[in-house]
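Student: Below is the structure I would like to discuss, written out as structure tokens.
No lab work stands behind these numbers, since they all come straight from the coordinates. Nothing here was measured: the structure is a model prediction, and the numbers come from that model. Glycine also receives a Cβ, built like all others from the backbone with ideal geometry; neighbour counts cover every protein chain displayed.
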Amino acid sequence: MSNGSRYRFDDLKAVCANDWQAYIQHDFVAQLGDGTLPSDCFQHYLKQDYLFLIHFARAYALAAYKSRTLAELRQAHEGLKAIVDLELGLHVDYCRKWGISEAELEALPEARATMAYTRYVLDTGHRGDLLDLHVALAPCVIGYGEIANWINRRPTTVRGGDNPFDAWIAMYESDEFQAAMAAERTWVDARLVDVTPARFDELVTVFRDATRLEIDFWQMGLERRS
């Protein structure tokens, strides 16, 4: 833990270490890295991740509303623009390679794990401030980059053409995503420095809840839950 009240993102991870490890090293992730994940599990995850991205875009729109400075407004706008103009299109293209059409994505019902996590993020943003919202999103924005790095450290990981999920790993190990992860960590660190111990405890609750909901999202994919 940081000295005094000068907290950082790593302090959130340290307090929630067991949940964070269960998320980063989930069986879904391990099997994905080994190339042994059943394809229907991955396809179920991909479909629900499309719906998550739509709500992720809504979260950035909420971040714009919650912004108090022009810099924060620009950051939120860039996040929203990246999802709507780029990431959703790339996701649709990637799903198509797995035999999932855009029409199928559009008609998807939300799984309960998708609803639970996305609505939690949006509710947290509505009732809290911009830092609450970023902390609720951190398991996704920062976690996926850490997951790619953990996958690549594992001796059993298979890369290249022998792993059907290699493109997914490559997406989150990319310089672009790793830079976005680092930028988000820097943003959160800069704002945690000034929070009180009581406020930090509030943020720990948000971070722990969001991390557990991310664990449920992996489990949903692994068990193909609706």
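Student: Could you list Arg154, Arg212 in order of exposure, starting from the residue whose Cβ has the fewest other Cβ atoms within 10 Å?
Tutor: Numbers: Arg154 13, Arg212 18.
With the sparsest Cβ surroundings first, the list reads Arg154, Arg212.
Student: Using per-residue counts of other Cβ atoms within 10 Å, averaged over each peptide, order 116-124, 130-138, 178-186 from highest down. Write down the numbers at each step before the final one.
Tutor: Working: 116-124: 19.2, 130-138: 22.8, 178-186: 15.1.
The most tightly packed comes first, giving 130-138, 116-124, 178-186.
Student: Lysine pairs in the stretch 9-223 with alpha-carbon atoms under 28 Å apart, 8 or more places apart or on different chains: how many are there?
Tutor: 5
Student: For the chain, what does -39500 (n - 2.57) per DSSP helix run (n ≥ 4), summed and divided by total residues, give at 222 nm, in deg cm²/dmol to the nearest 500? Each step should come with its number before you reach the end.
Tutor: On the way: 13 runs with 171 residues, N = 226.
Rounded to the nearest 500, it is -24000 deg cm²/dmol.
Student: What is the sum of charges, Lys and Arg at +1 and Asp and Glu at -1, for the other residues whose Cβ falls under 13 Å from the Cβ of Thr157?
Tutor: Details: positive: Arg153, Arg154, Arg159; negative: Asp34, Asp162, Asp166, Glu173.
Taking every other residue near Thr157 into account, the sum is -1.
Student: Sticking with this one: How large is the charge dipole for the stretch 9-223, taken about the Cα centre, if only the Cβ atoms of Lys, Arg (+1) and Asp, Glu (-1) carry charge, to the nearest 20 debye? Intermediate values should be presented prior to the final figure.
Tutor: Details: 20 positive and 34 negative charges, 62 e Å.
So the dipole magnitude of the stretch 9-223 works out to roughly 300 debye.
Student: Compute the orientation-averaged projected area for the stretch 1-82 from the convex hull of its Cα atoms and round it to one decimal in nm².
Tutor: Values: hull surface 31.7 nm².
If I average the Cα hull's projected area over directions, I get 7.9 nm².
Student: If you don't mind, another one. Per the Cauchy relation, a quarter of the hull surface: what is the mean projected area of the convex hull of the alpha carbons in the stretch 9-223, in nm²? Let's see the in-between values first.
Tutor: Working: hull surface 46.1 nm².
For the Cα atoms of the stretch 9-223, the hull's average projected area reads 11.5 nm².
Student: Next question. Based on the Cα atoms of the stretch 126-226, what semi-axes does the equivalent ellipsoid have, where each is the square root of 5 times one gyration tensor eigenvalue, given in whole Å with the largest first?
Tutor: On the way: eigenvalues 170, 62, 22 Å².
That gives 29, 18, 11 Å for the three semi-axes.
Student: Could I ask something else about it? Over 10 Å intervals from 0, what percent of Cα-Cα pairs in the stretch 44-100 sits in each interval?
Tutor: 25, 43, 22, 9, 1
Student: Using alpha carbons only, how many angstrom separate the centre of the stretch 184-226 from the centre of the stretch 134-164?
Tutor: The stretch 184-226 and the stretch 134-164 have Cα centres spaced 17 Å from each other.
Student: So for the chain, averaging the separation of alpha carbon pairs under 8 Å that are six or more residues apart and normalising by length, what relative contact order in percent results? Let's see the in-between values first.
Tutor: Values: 243 pairs, mean separation 91.1, N = 226.
RCO, the chain: 40 percent.
Student: I've got another one for you. So which DSSP H runs in the chain come out at 30 Å plus along the axis (Cα) with average Kyte-Doolittle of at least -1.0? Kindly include the intermediate steps, with their values, before the conclusion.
Tutor: Values: long enough: 39-66 (39 Å, 0.03); 197-223 (38 Å, -0.15).
Span-like helices here: 39-66, 197-223.
Student: Summing Lys, Arg as +1 and Asp, Glu as -1, what charge do residues with Cβ under 15 Å from the Cβ of Arg225 carry, Arg225 excluded? It would help to have the intermediate numbers written out before the result.
Tutor: Details: positive: Lys47, Arg112, Arg224; negative: Asp27, Asp40, Asp49, Glu110, Glu214, Asp216, Glu223.
For residues surrounding Arg225, the net value is -4.
Student: What does the charge add up to near Lys47, with Lys and Arg as +1, Asp and Glu as -1, over the other residues with Cβ less than 15 Å from its Cβ? List each step's numbers first, then the result.
Tutor: Details: positive: Arg96, Lys97, Arg112, Arg224, Arg225; negative: Asp40, Asp49, Asp93, Glu102, Glu104, Glu106, Glu110, Glu223.
For residues surrounding Lys47, the net value is -3.
Student: So, one more: Using a simple spin-label model with points 7 Å from Cα along the Cα→Cβ vector, what separation in nm is obtained for Arg224 and Tyr94?
Tutor: About 2.1 nm separates the two model spin labels.
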